[in-house]
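Below: one structure, written as structure tokens.
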Amino acid sequence: MLSIQNISRQYPGTSTPAVRNVSLEVPQGEILALVGQSGSGKTTLMRLISGLEIPDSGKILVDGTEVADAAGKTWVAPHKRRVGLVFQDGALFPHLTVAKNVAYGLSRKEFPKEERQAITANMLEMTGLQDYRDRFPHQLSGGERQRLAVARALAPKPKLILLDEPFSNLDPALRLSIREDILSILRASDITAILVTHDTDDALAIGDRIAVFREGQIEQIGSPYEIYHHPQNGYCARLFGPANCLHQADGKTEWIRPEDMQLKPEKTEDSDIAVKVCEIRDTGRHLEARVQGDQGTWIVPITKEDGFQEGDSVWGSVKED
Ligand code: ADP
Ligand code: MG
């Protein structure tokens, strides 16, 4: 549905490109989570896809149609790309009612009156806003405003929707339920979506696939399982939480999640890395041991029943996948 080919963009007056030679294919119906630190170029990539920014090089195709091509000078205006946008603050029209905000993107030429009314009613129902149709945005909660922003973006039946940090202005207590609401709306409409976030929990919870963005490039792309359990490098590993560094005999380095490791009191066939328990910590959620060996310090979850004590010599291993 979306094909990005070797896209780059450097802002005038800056020394490095915000987006560097990025290629990405997003199939129909996929929800791709784009995660990366602030300033890594996520918003710039969204602006390039939506047409708010012109690429210096590369090509973008939406549903097989070229919408931007730096070399061939193809340029399709943002409103003709059939790409919906949802921003952090919703960017709603404050002087329009909920229903009129939704209908706004439905041009009179393309959608006759009855169709506009039907689509609007349908969108309000899908987002659970049917009882609020005559309210104004300031009379809605933060979560309702974000649902309205999604309804408005989906109304003109875009081929693709881009959500740029849609949860970051929300009350932490409400975030989770709003995240689930928006996810079920996206799933119900079978739309292809890219959700930008700096929150790795959002990415793991929402993405069919996750792309890790760093300094304008995709560092790793894969399923949440692959990204979490098999990070390609230390950067990807640490972004998603604690990881133990393991140097393989063949010289390769792997990052292993604490819960993917285990400690045994005796050396066994599979547990054969000698380590010493330096500290046992109760995090409330579980007990974890900090162990020291030739490879440095690792964190490994343990249970009370293991009976390990600080100072014990034990044997560590990576659990089988
Ligand atoms: P993110 O969304 O991941 O936080 P952005 O795409 O907003 O990252 O920014 C990427 C880089 O480009 C940053 O270094 C930022 O300062 C720079 N940048 C963003 N917008 C502009 C602009 N309009 N002019 C110059 N530099 C910009
Ligand atoms: Mg941004």
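Miscellaneous remarks
- When we screen VAL102, VAL67 for residues that are touching a helix residue (DSSP H, G or I) at 6+ places or on another chain (Cβ under 7 Å), among the hydrophobic types (A, V, I, L, M, F, W, C) and at pLDDT 90 or above, the only hit is VAL102.
One line per residue, one yes/no per condition, for (1) at pLDDT below 90; (2) in the same structural domain as ALA118 (by TED's automatic domain parsing); (3) of a type in the set (A, V, I, L, M):
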| residue | (1), (2), (3) |
| --- | --- |
| ALA155 | no, yes, yes |
| ASP171 | yes, yes, no |
| LEU176 | yes, yes, yes |
| ASP181 | yes, yes, no |
| ARG187 | no, yes, no |
| ILE191 | no, yes, yes |
| THR200 | no, yes, no |
| ILE206 | no, yes, yes |
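- Residues of region 214-232 satisfying the condition of being touching a Lys or Arg at 6+ places or on another chain (Cβ under 9 Å) and assigned to a loop (DSSP other than H, G, I, E, B): GLU215, GLY216, SER223, PRO231
- Enumerated helices (runs of 4 or more DSSP H) restricted to region 95-210, each holding at least 1 residues that are more than 29 Å from ALA237 (Cβ to Cβ): 98-103, 113-126, 142-154, 172-188
- Any hit, region 17-35, residues being over 21 Å from LEU195 (Cα atoms) and either in a strand (DSSP E or B) or within 16 Å of ligand 1 (Cβ to nearest atom) (or both): yes
- Applying the condition of being touching a strand residue (DSSP E or B) at 6+ places or on another chain (Cβ under 8 Å) and loosely packed, with under 13 Cβ neighbours inside 10 Å to region 302-321 and asking which residue is nearest to TRP255 (Cα to Cα) yields LYS319.
- A search for C-beta distances below 7 Å between a residue of region 48-67 that is assigned to a loop (DSSP other than H, G, I, E, B) and any residue that is among the hydroxyl-bearing types (Ser, Thr, Tyr) and modelled with pLDDT of 95 or more, counting only pairs 6+ apart in sequence or on different chains, returns GLU53/THR44; PRO55/SER8; ASP56/SER8.
- Selection status of SER40, surrounded by 13 or more Cβ atoms within 10 Å (Cβ to Cβ), of a type in the set (Ser, Thr, Tyr) and more than 14 Å from ligand 2 (Cβ to nearest atom): no
The values are calculated or read from the model by the stated rules, or taken from the named source; none is laboratory data. Quick caveat: nothing in here was measured; it's all calculated off a predicted structure. No Cβ is skipped: glycine too gets one built from the backbone with ideal geometry, and neighbour counts run over all protein chains shown.
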